[in-house]
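This report refers to the structure that appears directly beneath it.
The values are calculated or read from the model by the stated rules, or taken from the named source; none is laboratory data. It should be emphasised that the depicted structure is a prediction, and the values quoted were computed from it without experimental measurement. Using ideal geometry, Cβ is built from the backbone for each residue, glycine included, and neighbour counts are taken over all protein chains shown. To get the accessible areas, we keep the full protein, side chains included, count just its heavy atoms, and leave off ligands, DNA and RNA. Shrake-Rupley method; radii C 1.70, N 1.55, O 1.52, S 1.80 Å.
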Amino acid sequence: TSSGAATDGKRVGILSNIKVNYLNVPASEQTPVQAAIDIWSDNWSSSVPINVVVNYIPEGTSGILASATPVSFFHNFPGAPDSTLWYPSAMANALASKDLDPANPEISININSTMAGAYYLGTDGNCPSNLYDLESIILHEMAHGLGFLSADAYDSFSQYGSIDAPTPYDAYAETPDGGRLMDLPSPSLQLGLALQNTLVWSGKNGIAANNGIKPLLYTPNPYQNGSSVSHIDQNTFQNIGPNALMTPQWPGGAVFHTPGALVLGMLADMRLKPPPGVPIGIPDAPRNVFAIVGDKSAIVSFDPPDNARTSQVTSYSVKVNETGDVILADSSPVTVSGLKNGSHYSFSVTASNQL
């Protein structure tokens, strides 16, 4: 990645164009926010401009300094490494090489105006121990907005966990037995237990940045809404310099003015097609099989089996029952050619995995 610094004061190696719309943010706070944004434009590669809205709003004195979220998520778009995952706006646009939602920004950041007195607004890294460095805070929140987050939810009453629309982050969060977090039944007690027990990162770039060790994710028991899973482990990483950026809690005076190799490696993993998980059973039958007549052809469409997430479908076979011909495919729809007009045909679709 590029340093973004030069002796003549001009930034170099800019990898993306990040545009910021400030809403009621005081000018004194815009300076450290912009500094953090500039760091990400030096380290996050995208040919598509990234639009960020920064809001300055009261959120009480609960200790929340700032928060961020992708504005939208997209799946099964051209350029998506895995059609089953939901990619945050900025990451989806970068992979698609176009703005998938031109009418809306990609990232929304809230700065808690109630906590204004707790922020250090300088950009020199000399944050006193009784304040929190706003540039570092925004650097952390931007990582969440770019995709460093899980789509998990936990209900403390039922103790069920759920992941309805898994993100690429969820595809690399792994249980100790090598299963993917996103492949556990959802909602389920099993998933609820997994969210409060050991989870590690399985992506090759994140592992390489952590000296060949699978990075440990933050999964306290009991579950902490807003912190669990979507951060790296507090105890393991809090004292290791730049790689501690995505720990959930910082002491006063902490300064991070670089994303660190670990966070960049994990974000790089999310742009790749994740390896398949470990299947825990064979696939059920594909659902809603349907054929549309074409000229000497047919288009066969279908939905994945009900248990697709736990059975890890690796391929589909479409059989022309009258001829015995079989076409293998990764997903629906499948075009069957070489048919004769005026003849009757029927099709069978089978889902398979390594079991």
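So which residues in region 18-30 are surrounded by 15 or more Cβ atoms within 10 Å (Cβ to Cβ) and not in a strand (DSSP E or B)?
Step one: list which residues in region 18-30 are surrounded by 15 or more Cβ atoms within 10 Å (Cβ to Cβ), which gives 18, 20, 22, 25, 29-30.
VAL25, GLU29, GLN30, listed by residue number.
Please tell me if VAL336 is within 22 Å of the chain's Cα centre (by Cα) and not in a helix (DSSP H, G or I).
Values: within 22 Å of the chain's Cα centre (by Cα): no; not in a helix (DSSP H, G or I): yes.
When the stated conditions are applied, VAL336 does not pass them.
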TYR169 vs. criteria of a type in the set (Ser, Thr, Tyr), touching a helix residue (DSSP H, G or I) at 6+ places or on another chain (Cβ under 7 Å) and either surrounded by 24 or more Cβ atoms within 10 Å (Cβ to Cβ) or without any contact (Cβ under 8 Å) to a residue 60 or more places away in the chain (or both): yes
Residue count, region 146-162 (criterion: of a type in the set (A, V, I, L, M) and either surrounded by 24 or more Cβ atoms within 10 Å (Cβ to Cβ) or at pLDDT below 95 (or both)): 1
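Out of all the residues in region 151-180, which are in a helix (DSSP H, G or I) and of a type in the set (A, V, I, L, M, F, W, C)?
Initial filter on region 151-180 (in a helix (DSSP H, G or I)): 168-172.
Of everything in region 151-180, just one residue is in a helix (DSSP H, G or I) and of a type in the set (A, V, I, L, M, F, W, C), namely ALA171.
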Verdict on VAL52 being of a type in the set (A, V, I, L, M, F, W, C) and more than 22 Å from MET270 (Cβ to Cβ): no
Residue within region 88-97 that is part of a loop (DSSP other than H, G, I, E, B), closer than 22 Å to SER16 by Cα and either touching a His at 6+ places or on another chain (Cβ under 8 Å) or modelled with pLDDT of 95 or more (or both) present: yes
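So, in region 99-127, of the ones that are open to solvent by less than 10 Å² (accessible area, probe 1.4 Å) and of a type in the set (Val, Ile, Thr), which residue ends up farthest from the chain's Cα centre (by Cα)?
Of region 99-127, the ones open to solvent by less than 10 Å² (accessible area, probe 1.4 Å) are 106-107, 109, 111-112.
Adding the requirement that they be of a type in the set (Val, Ile, Thr) leaves 107, 109, 111.
Numbers: ILE107: 13, ILE109: 17, ILE111: 22 Å.
So, considering only residues that are open to solvent by less than 10 Å² (accessible area, probe 1.4 Å) and of a type in the set (Val, Ile, Thr), the one farthest from the chain's Cα centre (by Cα) is ILE111.
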Considering residues of region 309-328 that are surrounded by 14 or more Cβ atoms within 10 Å (Cβ to Cβ) and among the β-branched types (Val, Ile, Thr) only, the residue nearest to ILE163 (Cα to Cα): THR310
Failed item in (1) under 17 Å from GLY147 (Cβ atoms); (2) open to solvent by 20 Å² or more (accessible area, probe 1.4 Å), with PRO220 passing the rest: (1)
Residue check, TRP40 of a type in the set (Phe, Trp, Tyr), under 29 Å from GLY117 (Cβ atoms) and either at pLDDT 95 or above or exposed (fewer than 13 other Cβ atoms within 10 Å of the Cβ) (or both): yes
Residues of region 269-308 satisfying the condition of being open to solvent by less than 70 Å² (accessible area, probe 1.4 Å), in contact with a helix residue (DSSP H, G or I) (Cβ under 6 Å, 6 or more places away or on another chain) and within 30 Å of ASN210 (Cα to Cα): ASP269, MET270, PRO274, GLY277, PRO279
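Picking from ALA96, ALA143, which residue would you name as being surrounded by 19 or more Cβ atoms within 10 Å (Cβ to Cβ) and of a type in the set (A, V, I, L, M)?
On the way: ALA96 fails: surrounded by 19 or more Cβ atoms within 10 Å (Cβ to Cβ).
Answer to the check: ALA143.
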Tally of residues being surrounded by fewer than 22 Cβ atoms within 10 Å (Cβ to Cβ) and either touching a Leu at 6+ places or on another chain (Cβ under 7 Å) or not in a loop (DSSP other than H, G, I, E, B) (or both) across region 181-190: 4
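Name the residue that is least open to solvent (accessible area, probe 1.4 Å), counting only residues in region 237-255 that are among the aliphatic types (A, V, I, L, M) and either outside any loop (DSSP other than H, G, I, E, B) or touching an Asp or Glu at 6+ places or on another chain (Cβ under 7 Å) (or both). Walk me through how you get there before you give the answer.
Step one: filter region 237-255 for residues among the aliphatic types (A, V, I, L, M), giving 240, 244-246, 254-255.
Then drop every residue that is not either outside any loop (DSSP other than H, G, I, E, B) or touching an Asp or Glu at 6+ places or on another chain (Cβ under 7 Å) (or both), which leaves 244, 254-255.
Numbers: ALA244: 2, ALA254: 20, VAL255: 52 Å².
Among those that are among the aliphatic types (A, V, I, L, M) and either outside any loop (DSSP other than H, G, I, E, B) or touching an Asp or Glu at 6+ places or on another chain (Cβ under 7 Å) (or both), it is ALA244.
Scan region 221-236 for residues that are part of a loop (DSSP other than H, G, I, E, B) and not polar (S, T, N, Q) and jot them down. Working first, answer last.
Of region 221-236, the ones part of a loop (DSSP other than H, G, I, E, B) are 221-231, 233.
The answer is PRO222, TYR223, GLY226, VAL229, HIS231, ASP233.
Listed residues ASN112, ASN130; which is farther than 16 Å from ASN55 by Cα and not small (Gly, Ala, Ser)?
Just one listed residue meets the conditions, ASN130.
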Filtered residues of region 272-328 (kept if of a type in the set (Ser, Thr, Tyr) and either over 28 Å from MET182 (Cβ atoms) or modelled with pLDDT under 95 (or both)): SER297, THR310, SER311, THR314, SER315, THR323
Tabulated pairs, region 307-327, first under 12 Å from ALA351 (Cβ atoms), second open to solvent by 70 Å² or more (accessible area, probe 1.4 Å) and charged (D, E, K, R), C-beta under 7 angstrom, 6+ apart or interchain: ASN307/ASP284; SER315/ASP330
